[in-house]
Every structure is written in structure tokens, then in C-alpha cells.
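Below is one structure; the comments refer to it alone.
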Amino acid sequence: LGWTRTLIKRLTRHHSFRQNYHQLLHHTHIPKMQFSTLLLLAPTLVAATLDPATSNTKGKCPSTYACSATKVSKAIQAAECSHNTRTSKTQTFAVFETDHQYDGNNGYPYGTCSAYTCDAPTEMIADEDCWTFFWSGTGEESGVGTGCIKDPNTGECGCENSDGTFVSGSDSCK
């Protein structure tokens, strides 16, 4: 989502979209057709989909990984990591690592969520700042384990639509 915001800022920073479009093309060396396709696909590439984890293991990280992370999201709630899949392929597990600079904020814990599409790990190591969520494979506890996604301003429970819009008081986002 961050690169989309950067792209939009670049496109709207100067006097006209046309100037920015040509400037961006010149600086990034992306052919016009590919750039247009990129703009059309951008929302689907960065979307998260409401699909809660089926199990979780709190306080442990995988000891080995069968692949690299498909998508890494920083400064998000653990509940966002557990409630939404973040990849276009079938997400099998996600590893959340707490970033303590956000301790005490509504929706805590916040941190980095790394989503994976390979086989889920079977060997885990203890790490109090780690929480692993499973869509394929078995965690130590059933369900998401985190509670609801919270509005960072009010602390009210809600959910996120696939475009990232938070809907307070709802649990039926799309």
C-alpha cells in the first residue's frame, strides 16, 4: 500500500497529471502500456482480503521457512495480520513480529506481518514478540487469537474492507 501512496503523491505533486505521468515514465523507464496496466492493477496487488486465520501460535516463530515472505506489511495490528490474507495466491501462514514503539496504542500490538504461500512450518522456536497465524497447518490454539481489529483512534472494534477502509462496529467487510 505504501508504494501506491508514493505513486499517487508523485502523480499529484506538480501542476498537472500529464506532466507527472511523463516525468514518472521518464524516471522509472516503464513503457506506457505497462504503466497503464500497473495503475489498473495496483488496487488488487495491495489489497487484503477478509479471511480469518484458522489457528495460531502465540510466542513462537517458525524455526525454518520453506520460502521467502510473499508480502510484508509494517506498522499494522496483529489482528489485521490474523484476520486478512495479504497475497494473491493462497496464503498458508503469516508471522507477526511486535514493534514495541507502538505499545499502548489502540489496537496494540502493532508490528510487521510477513505473509507466506508455501508449506506451513512444523518446527517453532520460542520468541515472546512473535505470533504465527495459520490458514493451512495447525497452530497451538484454534481461531485468530487476537480479538478484533480496532480503530486506532477510538479503540472501537471493526473490520477492514479489501481496499483498506476501516469500518467501525462492523464484522462483515468485503
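Every number here is computed from the coordinates shown, using simple stated rules; none is lab data. No experiment lies behind these values; they were computed from the predicted model shown. Methodologically, a virtual Cβ is constructed for each residue, glycine included, from the backbone with ideal geometry; neighbour enumeration extends over all protein chains shown.
Some points to look at:
- Taken over the range 136-167, the criterion of being more than 15 Å from Leu50 (Cα to Cα) and part of a strand (DSSP E or B) is satisfied by Glu141, Ser142.
- Those residues of the range 77-95 which are over 9 Å from Ala48 (Cβ atoms) and in contact (Cβ under 8 Å) with a residue 40 or more places away in the chain, in sequence order: Gln77, Ala78, Ala79, Cys81, Ser82, Ser88, Thr90, Gln91, Thr92, Phe93, Ala94
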